1. For region 1-34, which positions are surrounded by fewer than 18 Cβ atoms within 10 Å (Cβ to Cβ) and within 24 Å of Ala274 (Cβ to Cβ)?
2. Quick one: is Tyr298 open to solvent by 20 Å² or more (accessible area, probe 1.4 Å) and either touching a residue at least 24 places away in the same chain (Cβ under 8 Å) or not β-branched (Val, Ile, Thr) (or both)?
3. Mind checking which pairs have a first residue in region 36-47 that is within 12 Å of Pro277 (Cα to Cα) and a second that is of a type in the set (Val, Ile, Thr) and buried (at least 17 other Cβ atoms within 10 Å of the Cβ), Cβ under 6 Å, 6 or more apart or different chains?
4. Report yes if Asp266 is touching a residue at least 40 places away in the same chain (Cβ under 8 Å) and not in a loop (DSSP other than H, G, I, E, B), otherwise no.
5. Which of the residues that make up region 79-88 are of a type outside the set (Lys, Arg), crowded, with 18+ Cβ neighbours inside 10 Å and part of a loop (DSSP other than H, G, I, E, B)?
6. Considering (1) farther than 23 Å from Pro166 by Cα; (2) in contact with a Cys (Cβ under 9 Å, 6 or more places away or on another chain); (3) open to solvent by 40 Å² or more (accessible area, probe 1.4 Å), say which one Gln91 fails and leave the rest.
7. Would you point out the residue of region 232-263, among those that are open to solvent by 10 Å² or more (accessible area, probe 1.4 Å) and in a helix (DSSP H, G or I), that is nearest to Asp75 (Cα to Cα)?
Amino acid sequence: MALLKSLSARKNDLSKPENQLQFLSNGIFKEGELPFFKDKIAKTDNYPLKPKKLEILQLNLGYMCNQVCSHCHVDAGPDRKEIMTKETMQQCLEVIKTTKAHTLDLTGGAPEMNPNFRWFVEEASKAGIKDFIVRSNLTIILANKKYHDLPEFFKKYNVHVVSSLPFYKKEKTDKQRGNGVFDKSIKALQMLNAVGYAQPETDLKLDLVYNPAGAFLPTNQQALEQDFKTALNEDFNIDFDNLFAITNLPISRFLEFLIASENYEDYMYALVEAYNPAAVESVMCTNTISVSWDGWLYDCDFNQMLELKVDSKVQHISDYNEDLLNNREIRISQHCYGCTAGAGSSCQGTVA
């Protein structure tokens with residue numbers, strides 16, 4: 001079963017980013033059992049971590065969501081009221097028109113729940129971004145009649161839909177995301193297929209995101225993709241393009257789960273032992289700028305949740321300067337081990 005309320009609504013200590021960062025810097029790291037992330041990457045000449053060419057502008061349109069998933073690093077849910085205003089969206093549009101980034105990535109919560117979502121998609125589509133992504137939890141399409149036409153809306157603006165599906169079996173998916181989520185997700189995927197997504201005669205892209213349900217790392221992305229494609233096609237006649245395997249980072253509700261299940265130390269050991277220097281070269285913070293619902297700038301979506309703003313004179317979308325941002329140093333902490341374990345992890349899946 002999924003949680004009924006967010007950490008924020010429960011006033012849990014971990015709802016405060018500073019408490020998460022303090023926890024991640026103490027214990028097995030402070031005692032020297034495991035190396036701090038900055039010391040680990042320093043051994044491979046990757047400290048300080050610096051950005052490369054900006055490719056992705058990721059905008060979080062708000063933390064409101066129709067689901068409350070047990071692993072959610074955003075701590076999203078129906079009780080979260082943080083929503084990007086139209087004024088901040090307008091500032092983002094001005095940046096989109098001039099950015100050198102080729103990908104615009106809209107996320108949440110459920111980005112579709114922002115009341116200005118459709119207006120923003122319409123306006124942003126005029127900017128000529130090469131890859132226009134919306135990250136959907138799928139169930140939002142069936143949550144209310146006003147969302148039922150989202151597949152047609154996405155098609156109209158050639159939106160690249162990246163959708164979350166923890167597993168191709170009902171039990172694991174519902175355990176992580178709540179009862180009934182799997183069946184609704186399957187129906188939503190069929191609706192997307194019906195309007196042309198992931199079909200050979202169109203260029204409408206539909207990708208899935210997998211993340212483990214427990215305290216373990218994802219297995220081989222390519223093998224998982226084949227398993228998903230076979231199972232979803234045979235059982236539900238569903239097609240999709242790519243599967244992205246994402247490692248759960250030890251922050252927010254997943255950190256709460258690790259602590260409550262007494263898996264925190266073992267999980268951190270697993271991440272550190274799976275550290276891959278090759279993955280450091282392509283972690284998403286090196287080619288991404290993440291913008292929060294209130295316009296602040298971060299190196300990545302995870303740093304946004306920990307309120308680690310970019311280390312730059314430019315920290316807000318209203319003062320955006322790409323050249324200055326490209327000269328910053330990327331802010332890191334122990335959660336970064338999640339993006340550098342094994343084949344690496346990013347919003348676009350494995351990186352090494």
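The values are calculated or read from the model by the stated rules, or taken from the named source; none is laboratory data. What you see is a predicted model; the values in this text were computed from it and never measured. Cβ atoms come from the backbone with ideal geometry, glycine included; neighbour counts cover every protein chain shown. Remember, those area values only see protein heavy atoms, side chains included, never the ligands or the DNA or RNA. Shrake-Rupley method; radii C 1.70, N 1.55, O 1.52, S 1.80 Å.
1. Quick first cut of region 1-34, residues surrounded by fewer than 18 Cβ atoms within 10 Å (Cβ to Cβ) only: 1, 4-5, 9-13, 15-19, 21-22, 25-28, 30-33.
Within region 1-34, Leu21, Ser25, Asn26, Gly27, Ile28, Lys30, Glu31, Gly32, Glu33 meet the criteria.
2. Working: open to solvent by 20 Å² or more (accessible area, probe 1.4 Å): no; either touching a residue at least 24 places away in the same chain (Cβ under 8 Å) or not β-branched (Val, Ile, Thr) (or both): yes.
Answer is no for this residue.
3. Phe37/Ile332; Ile41/Val280; Asn46/Val280; Tyr47/Ile41
4. Details: touching a residue at least 40 places away in the same chain (Cβ under 8 Å): yes; not in a loop (DSSP other than H, G, I, E, B): yes.
For Asp266, the condition - touching a residue at least 40 places away in the same chain (Cβ under 8 Å) and not in a loop (DSSP other than H, G, I, E, B) - is met.
5. The first filter runs over region 79-88 and keeps only residues of a type outside the set (Lys, Arg), leaving 79, 82-85, 87-88.
Then drop every residue that is not crowded, with 18+ Cβ neighbours inside 10 Å, which leaves 83-84, 88.
Met84, the sole residue that qualifies.
6. Going through the list (1) farther than 23 Å from Pro166 by Cα; (2) in contact with a Cys (Cβ under 9 Å, 6 or more places away or on another chain); (3) open to solvent by 40 Å² or more (accessible area, probe 1.4 Å), Gln91 breaks only (2).
7. Step by step, filter region 232-263, then rank; the result is Glu256.
Listed here are the residues, each with its yes/no results for (1) in a helix (DSSP H, G or I); (2) open to solvent by less than 10 Å² (accessible area, probe 1.4 Å); (3) not β-branched (Val, Ile, Thr).
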position	(1), (2), (3)
Ser125	yes, no, yes
Leu138	no, yes, yes
Pro151	yes, yes, yes
Phe154	yes, yes, yes
Val161	no, yes, no
